[in-house]
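Asker: First the structure, which I've put down as structure tokens, then a few questions once you've had a look.
Since every read-out is calculated from the coordinates, none of them should be taken as a lab result. Model, not experiment: these values are computed from the prediction. Counting neighbours? That spans all protein chains shown, and the Cβs are built from the backbone with ideal geometry, glycine included.
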């Protein structure tokens, strides 16, 4: 009798467990973002960054166009304007050393799109940058 009860319990448990991973369940498309328009750098393939040698966007600006998920070396900068100075989607990481090493700071582009004092933010001049875009990962 105990064997029959255990067998029945195992059968019921395995049926519930098997039903939890059915292939035909509806899954969210990883690149679909309901309610977010493409003009927020969501599906942008490139990100434009204006770089400045001095704090608060002073000095002759440099320009860098980067692709997501790749590290780019910079000529020591103290401030930057990301994506035209508008909030966007994804994250940006500035680091004190080349090749995205050293002290780094990661910020969401919807809030960290006009860093005006990177030396304060990351503890040194920014010498490399990396853009993470979830839509293109």
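Asker: Rounded, prolate or oblate: which fits region 41-136 when a ≥ b ≥ c are the square roots of the eigenvalues of the alpha-carbon gyration tensor, with rounded for a/c under 1.5 and prolate only if a/b beats b/c?
Answerer: Numbers: a/c = 1.61, a/b = 1.31, b/c = 1.23.
Prolate, since a/c reaches 1.5 and a/b exceeds b/c.
Asker: Ranking 89, 45 by Cβ neighbours within 10 Å, fewest first, what do you get?
Answerer: Numbers: 89 19, 45 11.
Final ranking by Cβ density, sparse to dense: 45, 89.
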